[in-house]
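Structure first, commentary second.
The values are calculated or read from the model by the stated rules, or taken from the named source; none is laboratory data. Because the structure is a prediction, the values reported are computed rather than measured. Please note: Cβ atoms are built from the backbone with ideal geometry, for glycine as well, and neighbour counts cover all protein chains shown. Just the protein is used for accessible areas: all its heavy atoms, side chains included, with ligands, DNA and RNA removed. Shrake-Rupley method; radii C 1.70, N 1.55, O 1.52, S 1.80 Å.
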Amino acid sequence: MANAKQDDKKEVRVWCDGCYDMVHFGHANSLRQAKALGDVLIVGVHTDEEIAKHKGPPVFTQEERYKMVKAIKWVDQVVEGAPYVTTLETLDKYQCDFCVHGDDITVTADGIDTYHMVKKADRYREVLRTAGVSTTDLVGRMLLLTREHFKRGDKEYTVALEHSSNLGTDSTARSPYTGCSQFLPTTQKIIQFSSGLSPKPTDKVVYVAGAFDLFHVGHLDFLEKAHAQGDFLIVGLHTDLEVNRYKGSNYPIMNLHERVLSVLACKYVHEVVIGAPYSVTAELMDHFRVSVVCHGRTAIAPDADGSDPYKKPKERGCFKILDSGNTMTTEDIVQRIIQHRLEFELRNSRKEQKELALKPLNKEHAKQNGDYVHVNNSG
Ligand code: CTP
Ligand code: C5P
């Protein structure tokens, strides 16, 4: 018992918390950095009720958000329903040495820095926020997608377009094609996210391909099933142009680089093919020694020439349809946003106002004495 305790002491336990709504690679990158500061990473995720109270309704339910965070490969444990304001009691309860957060501002509905207590106790560390992606920005992109998508007709959606004109703080989000994001992908980032593993000669290699746009719980459930089919899971990601060919409209919402990082952050994925051919070729299967090729129960669009993209794996008898048991699609997410567009608009503009009003003050103050900032939310 005493020995076990001593061993426990040696490991550095790190705490992170947040909403983790529409989990994206920015969240994953903050968790990666947090994990690098210690040995064990515990992540507290807030309830829907708490989030609605402090910043507006989340897009994903708490059950969906818990599941998504659990699947990020740097996360060792998820604490469901963690308090919005991080207390020393919470850190102590989970034996965490300190709390880590990105260098952005998180305040309660009353404008109080949610980290004021841990800052004061010098149990707070900051990591760099990933520029160019945030939940707020993604919501903006989706509403811009709505504008593109429904321009040709329906009056109801013209209203959505007018209301959404002040959304999407990332001006480059207007086009989802390569190079459109403010986020600057580097080989370094891919290396940091990559598993660095190669399949062992005895490993059964599983291959799946898709858009994996706005990586969501449906994808996650599918990848969990695909992972269980073998020992080494390779995910092929189609190019932005390819996705646009078969999805149309303004899809994909996330460009290829962003989709690569989202998929790499998933604990079930070992390797990603960046810009995979739409039809699964014999060459691809031979090159990666693929034993089984899987697809979920969603529709399979034909290739540009009208052929079946899974013709080759079917001929080899190694094609399998998997039931993810989840009906969520990228389009569903966009629909959720459209349905709640007014709430999201309000939330976006509030968040921007808070950021504009708080950023210099909060930074300065936090650095000086770790104390909290009280602000008037109205401006
Ligand atoms: N984070 C990050 N880089 C991003 C987005 C989030 O490092 N691009 C970090 C935040 O700094 C925080 C954690 O991810 O440490 C959880 O963030 P969350 O509370 O979910 O908020 P945001 O994603 O910032 O969402 P929003 O823009 O709606 O506030
Ligand atoms: O639509 P997308 O190309 O992103 O899907 C990638 C893979 O995930 C496909 O095989 C699809 O069938 C699967 N999927 C699933 N269940 C969902 C969503 C996607 O099995 N709810």
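Accessible area per residue for region 185-331 is 43 Å², calculated with a 1.4 Å probe on protein heavy atoms, without ligands, DNA or RNA. Cβ-Cβ distance of Leu356 and Ala52, R₀ of 25 Å, FRET efficiency by 1/(1 + (r/R0)^6): the value works out to about 0.65. Using the average count of surrounding beta-carbon atoms within 10 Å as a protection proxy, the listed peptides 269-279, 192-202, 306-316 rank, highest first, as 269-279, 306-316, 192-202. Database remark: amide H of Val273 closer than 5 angstrom to the amide H of Val235, Gly236, Leu237 (H placed geometrically; neighbours at sequence offset of 5 or more, or on other chains; Pro and chain starts carry no H).
The count of lysine pairs in region 185-331 whose Cα atoms are under 26 Å apart, excluding pairs fewer than 8 places apart on the same chain, comes to 26. Between Thr186 and Asp110, the modelled labels are 4.1 nm apart [label points 7 Å from Cα along Cα→Cβ]. Fully extending the segment from Arg245 to Ala36 would add 71.3 nm, taking 0.36 nm per residue of separation and subtracting the current Cα-Cα distance. Between Glu89 and Asp305, the contour length at 0.36 nm per residue exceeds the alpha carbon distance by 71.6 nm. Solvent-accessible area assigned to carbon and sulfur over region 273-313 amounts to 55 percent, based on a 1.4 Å probe.
For region 185-331, a/c is less than 1.5, where a ≥ b ≥ c are the root eigenvalues of the C-alpha gyration tensor. That puts it in the rounded class.
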